[in-house]
Amino acid sequence: ICIIALACAIVIILVMRLRFYWQVQQEIREREKAEEANRLKSAFLANMSHEIRTPLNAIIGFSSLIAELDLTAEEKEQYANIITTNNELLLKLVNDILDLARIESGGIVFHKESCNLTDLVKTLYKQHLSDVPEGIEFKEKCPDTPICLYSDKERLYQALENILKNAIKFTSAGFIEIGYEYSAEAQDVRLYVQDTGIGISPEDQEAIFERFKKLDDFVQGTGLGLSICQAIVKQLNGRILLKSEKNKGCRISLVFEL
C-alpha cells in the first residue's frame, strides 16, 4: 500500500510539474508572439512612414519651386509632371495599404463564382499589351479547352495583375508570358507569369512577399503588390510557387485545387 501511495504521489508531482512546465512554455510562446507582432508593427509603421514621406517631400518641394521661382513654361511643365507622378504614387500607396489591411482583417467579402480562366488571362493580356516596353515579347498561353475555377474573379485578376506589373518593371529584354496550366496528376490549376527579367536571388526569395520589399529601390512602386497578392491567394485557399534564378528570369504561379 505504501509503495502504491508513493507511486501515486510521484505521478501527481510529475503531472503537476509537467503542467507547470507546459504553462511556462505557453506563456513564453505567447510573449514571444506578442513581441514579434510588436516588432512587425513597428517595422511596418517605420516603412510606411518612409514610403509616404518620399513622394510627399517631392510634392511639397516642387510645389514650392513653382510658387517661389520665376520659371520658364518648360520648367513649370517639368515640375508639374513630377508633382503629378508623385501624387499618383502617394495615392497608390495609400490605396494599397488600405486594401491590404481590409483583406487581412476580413473587411473585404470575397464573392465566389464560376470563373473562366481563359477569359481572365486574355483580358489581362489585352489590357496590359501597351504597358510592355518595345523589344519585349508579350505572350499569353491557355489550354485549348477553357477551365473554370470557383473563385472571386475580381480578386483573382488583381493578384495576377500585381505579379504581371512586377514582371514588366523588372524585365528589359526577352519575353513576358502569362497563362495557366492544368495538372491532371495534382488535380490543380496554375495561373502564372513568367519572364526573362533580373530574377530573384535565393536570399530574396524568402522575403519577396514581405511588405515594402523591393528588388530595386530605384524602381518606382509601393513594394506592396506581392504582399497583396499573397493575402488574396491565402483568402482564396490557394498557394504561391516561385521559381527564379538571379539574372535568369522568374516564374510565379498561383496554385488552386480543383
Hits in the stretch 83-110 - residues which are assigned to a loop (DSSP other than H, G, I, E, B) and open to solvent by less than 80 Å² (accessible area, probe 1.4 Å): Gly106, Gly107, Ile108, Phe110
Test set (1) modelled with pLDDT under 80; (2) touching a Leu at 6+ places or on another chain (Cβ under 7 Å); (3) over 29 Å from Glu177 (Cβ atoms) - Tyr79 fails condition number: (1)
Top-ranked residue in the stretch 47-74 [being surrounded by fewer than 13 Cβ atoms within 10 Å (Cβ to Cβ) and among the acidic types (Asp, Glu); ranked as farthest from Ser227 (Cα to Cα)]: Asp70
All positions within the stretch 193-209 that are buried (at least 18 other Cβ atoms within 10 Å of the Cβ) and out of contact with any Asp or Glu (no Cβ under 7 Å at 6 or more places or on another chain): Val193, Asp195, Thr196, Gly197, Ile198, Ile200, Ile208, Phe209
Failed criterion for Leu191 (all others in (1) at pLDDT below 95; (2) among the aliphatic types (A, V, I, L, M); (3) under 21 Å from the mean Cα position of the chain (by Cα) hold): (1)
Among residues of the stretch 80-114, those that are within 22 Å of the chain's Cα centre (by Cα) and over 30 Å from Glu68 (Cα atoms), counted: 18
Lone unmet requirement of (1) open to solvent by 60 Å² or more (accessible area, probe 1.4 Å); (2) more than 13 Å from Leu120 (Cβ to Cβ); (3) among the charged types (D, E, K, R) for Glu177: (1)
Some residue of the stretch 35-44 being at pLDDT below 85, assigned to a helix (DSSP H, G or I) and over 23 Å from Leu98 (Cα atoms): yes
Some residue of the stretch 218-225 being surrounded by 21 or more Cβ atoms within 10 Å (Cβ to Cβ), in contact with a Leu (Cβ under 7 Å, 6 or more places away or on another chain) and at pLDDT 90 or above: no
Among the residues listed as Glu77, Glu140, Glu113, the single one being buried (at least 16 other Cβ atoms within 10 Å of the Cβ) and of a type outside the set (Phe, Trp, Tyr): Glu140
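The values are calculated or read from the model by the stated rules, or taken from the named source; none is laboratory data. Model, not experiment: these values are computed from the prediction. Using ideal geometry, Cβ is built from the backbone for each residue, glycine included, and neighbour counts are taken over all protein chains shown. These accessible areas exclude ligands, DNA and RNA; they are computed on the full protein's heavy atoms, side chains included. Shrake-Rupley method; radii C 1.70, N 1.55, O 1.52, S 1.80 Å.
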